[in-house]
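A.B. asks: Below you will find the structure I want to go over with you.
Every number here is computed from the coordinates shown, using simple stated rules; none is lab data. Here the structure is a predicted model, which means the values were calculated and not measured. Positions of Cβ are generated from backbone atoms using ideal geometry, with glycine treated the same way; all protein chains shown enter the neighbour counts.
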Amino acid sequence: MRLPLHQIDAFASRPFEGNPAAVMPLDAWLPDALLQSIAAENNLSETAFLVKESSGWRIRWFTPANEVDLCGHATLASAWLVLNELEPGSARVTFQSQSGVLTVDRQGEALVLDFPSRPGRPAPERVDQVAAILGCRPLEVRQARDVLAVLEDETAVRAVAPDYEAMKAIPGMGLLITAPGREHDFVSRCFFPADGIPEDPVTGSAHCTLIPYWAERLGKNRLRAFQASPRGGELTCELTGERVRIGGQAVKVLEGHFLL
């Protein structure tokens, strides 16, 4: 069996930036255990599997360790593949997913994700735990799917060297740290060690929580963000009611076949 495999750098305008994702279009779903084994073999933060349906495409996302309910960069990478190679000339792609209907629109050179907003609730009971993990005390902590810790400034975000083992005990999927940016409205870093991803290069789904926080704090709905991982990545962000729009570019760096 030869399965098409595409590796695409999402939230990047050239290779070696942003977040690489594997995208694998399938004729039909394979057993879940096999999908998980393929994702582990790919050993990227996410592998997206796509199957064509009457209403668009069904998408599922797997880390090397497990399936997740939502992934931004692998959706952006999947949209790039659909709009440029599988359905060239289209301006929009619709994905059915565990998190509902997700659309991605082509806007010039960028692709814009339409995702659910996931604002966090205040979680002061987590401040001491997060401080021990980060080695610095956050100004506030919020809880959504992920734990969100707000730091003083961009320098503090970049300086964090977290305790990854202790982080695995934190509730939710991962830990996000954020602060006002020097050249952007906000910066962030995102950690998911329990899912086999110590630090994720650029995390679209985390911005489902980051965008509503910063939109409220800064009093504006359109924002520019930078994820300050070693690879780094820029995102355009907008809060639109109960949805967020997250924009970025993507570039394909590899194609081939997975052999079974």
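A.B. asks: Given Cβ point charges of +1 (Lys, Arg) and -1 (Asp, Glu) and nothing else, what value in debye, to the nearest 20, does the dipole of segment 113-217 about its Cα centre take?
C.D. replies: For segment 113-217, the charge dipole is close to 200 debye.
A.B. asks: Right, something else. Using only C-alpha positions, report the orientation-averaged shadow area of the convex hull of segment 27-174, nm², one decimal. Walk me through the numbers on the way to the answer.
C.D. replies: Values: hull surface 43.5 nm².
Approximately 10.9 nm², given one-decimal rounding.
A.B. asks: Moving on to the next point. Once every DSSP H run of n ≥ 4 in the chain is given -39500 (n - 2.57) and the sum is divided by its residues, what mean residue ellipticity at 222 nm do you get, rounded to the nearest 500 deg cm²/dmol?
C.D. replies: Mean residue ellipticity at 222 nm (helix-derived): -5500 deg cm²/dmol.
A.B. asks: Follow-up. Which log10 I(q)/I(0) values does segment 101-223 give at q = 0.17, 0.19, 0.22 Å⁻¹ under the Debye formula, counting every alpha carbon as one identical point scatterer?
C.D. replies: The Debye formula, applied to the Cα set alone, gives -0.86, -1.06, -1.38.
A.B. asks: Need one number: % antiparallel among DSSP beta bridges in the chain, to the nearest 5. Each step should come with its number before you reach the end.
C.D. replies: Values: 65 of 79 bridges.
Close to 80 percent.
A.B. asks: While we're looking at this one, here's another question. Using only the alpha-carbon atoms of the chain as identical scatterers, what base-10 log of I(q)/I(0) does the Debye formula give at q = 0.09, 0.11, 0.16 Å⁻¹?
C.D. replies: After summing over all Cα pairs, the log10 values are -0.37, -0.55, -1.17.
A.B. asks: Residue by residue, what Karplus-based ³J(HN,Hα) values in Hz, rounded to whole numbers, does segment 111-124 have, using 6.51, -1.76 and 1.60 with θ = phi - 60° and x for Gly and Pro?
C.D. replies: Listing the rounded values in order: 10, 10, 7, 10, 10, x, 7, 10, x, x, 8, x, 9, x Hz.
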